[in-house]
Structure formats: structure tokens, C-alpha cells
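The values are calculated or read from the model by the stated rules, or taken from the named source; none is laboratory data. Note that this is a predicted model, so its numbers are computed, not measured. Cβ coordinates were reconstructed from backbone atoms using ideal geometry, including for glycine residues, and neighbour counts include every protein chain displayed. These accessible areas exclude ligands, DNA and RNA; they are computed on the full protein's heavy atoms, side chains included. Shrake-Rupley method; radii C 1.70, N 1.55, O 1.52, S 1.80 Å.
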Amino acid sequence: RTEEAYGYLSKALDIGDKAGHQKVVGYACTWLTWVCAELGLFDDGIGFGERAQTIAESFASDQYLYFKSLGGLCYINFCKGDTNRIFEGAKRLLEYGERNANNRSKVLGHWMEGFGHLLVGNMKSSRERCEKAMEVALDPAYPEFPKATLGMAYMFENQFQEAEKILKSSLNFSEKHGMGQISVISQCFLSPILIAKGDMKQGAELLEEARKTMLKNGRKVWYALSEHFLGEMNLQIATGPKPALS
């Protein structure tokens, strides 16, 4: 519910600013970075992320504030398609995680590397980085983020059987535990796989459901990708071989 999150976080930031409470400001900016990425507010999001990074310097013991805002900046650069900055940020996340024995920072670092390789079309390296991110994770939620990206990498390589298994696992976990941020993305990528397998009805319904959810919540980047999927499907139907009468 991205647009709702933006409203609440903006209020939190205003309260933090008025109270002069830098940690409140830092946390609001950290999460606004992630939210702005999905809303397509890239310049605003980068501004929030950089502000959070500056504030994090004053709270050295609060590791979350540092690595989570840095991860958000990497995510924005994924949404923008800026691979150089993704890899640069991912390297910093991995170094920070190693230096501070922070496994979550390592998870984000490997995951963001996976996103970077995904963008340049190196699906093998993307899979390896996502698998590494899942391997180093110590809590149950964090592996689900790179798992969804792993499913994407398999799908883009047309390895539909493996992609379907991973994305269904991701969808089941995220729906069970209320992680809607991941479940709708898993739906979006699972739908063309089902259609490619011949299950047109279920695949089309799943895509339409995901698109409605994304549009309702202002998740513009992922909605744009769903438009691409829909266009590709319609193009193949229109230009493909004439189907048999059955």
C-alpha cells in the first residue's frame, strides 16, 4: 500500500523535523527512499536516501539506519536503470556487512548485485548473487526478497519450470505472512509463465489481479513492467501461427 505509506511517512518526517528529532527524521527518510522508488519519485527518493545516510553518520551504533537507506538508494537506481550506481552501492553494503558482521547488510548487497546483473542481461550472475543473498540470510523474511528476483532471472532465461517453482514458493510465503510488496510482484512474473505453459485463463487472471493492485497503490515501476508483459502476450497472439479450430 505504497501511497498510504508515503502519506504516513511524510507526516512522520514533518513531526521529526518540527521536534528536531534526527533519528525519527532518519528513519522516515530511509523508508521514503524505498517508497519513492516504487512511486517513480526518483529525485525525491534519492534526496531522502542521501539525507538518511548523512544522519546515519551521527548514529554509528544504529546499523539499520545506514544499510537500509543505502539499500533503498540501490533500489531506486534499479528502478531508474542506473547499473553503475547499483553495483557501487551493493559493494558498500557488502563491505559494511562484512566489517560489522551484519548479515542483513550482506543480504541487501548480494540482492542488489543480483538486480544489477538482471538489468545488464547476465541472468547467470543474477541467479548466483540472489542465491548467495538467500544463503547468508539468518531470519525468515529477508531471503524472500532475493528469492523473487531469482524467479525473475529464471523467467527471463525461459527456464519456466524452475521459475514457476521459485515464484510460487515466494507467493505462498508472502501471502501467508502479509508481505504484499513481494506477493504482487511474484504474481506479475508468474502469470506469463502460466500462459506460456498453456494455462491462459489462470495466467491472464493473475496478471490482471496484480495490475489492479499495482495501479491502486501507485506502484508505477512494476505496473509499467506488467504493461510490457501484456503487450508481449498480445503481440505473440496477434503475430503467432494461426491456432487450430479446437
Within region 6-20, the residues that are open to solvent by 30 Å² or more (accessible area, probe 1.4 Å), of a type outside the set (D, E, K, R) and touching a helix residue (DSSP H, G or I) at 6+ places or on another chain (Cβ under 8 Å) are Y6, L9, S10, A12, I15
Is it true that some residue in region 100-107 is out of contact with any Gly (no Cβ under 8 Å at 6 or more places or on another chain) and open to solvent by 40 Å² or more (accessible area, probe 1.4 Å)? yes
Which of the residues belonging to region 167-193 are of a type in the set (D, E, K, R) and either buried (at least 23 other Cβ atoms within 10 Å of the Cβ) or within 22 Å of E208 (Cβ to Cβ) (or both)? K168, E175
What are the residues in region 38-75 that are surrounded by 24 or more Cβ atoms within 10 Å (Cβ to Cβ) and more than 17 Å from S105 (Cα to Cα), if any? E38, G45, F48
Among the residues of region 45-62, is any under 18 Å from P146 (Cβ atoms) and out of contact with any Asp or Glu (no Cβ under 7 Å at 6 or more places or on another chain)? no
Please indicate, with yes or no, whether at least one residue in region 88-97 is assigned to a helix (DSSP H, G or I), open to solvent by 70 Å² or more (accessible area, probe 1.4 Å) and under 20 Å from M214 (Cα atoms). no
Note on region 158-212: residues within 21 Å of P143 (Cα to Cα), among the small types (G, A, S) and assigned to a helix (DSSP H, G or I) are A163, S169, S170, S174, G180, S183, S186
Within region 140-166, considering residues that are closer than 20 Å to N102 by Cβ and touching a Lys or Arg at 6+ places or on another chain (Cβ under 8 Å), the one surrounded by the most Cβ atoms within 10 Å (Cβ to Cβ): P146
Just checking, does region 114-129 include any residue being of a type in the set (A, V, I, L, M, F, W, C), open to solvent by 40 Å² or more (accessible area, probe 1.4 Å) and within 15 Å of L167 (Cβ to Cβ)? no
Would you confirm whether or not region 162-182 contains a residue that is on the phi > 0 side of the Ramachandran plot and either touching a Pro at 6+ places or on another chain (Cβ under 9 Å) or of a type in the set (G, A, S) (or both)? yes
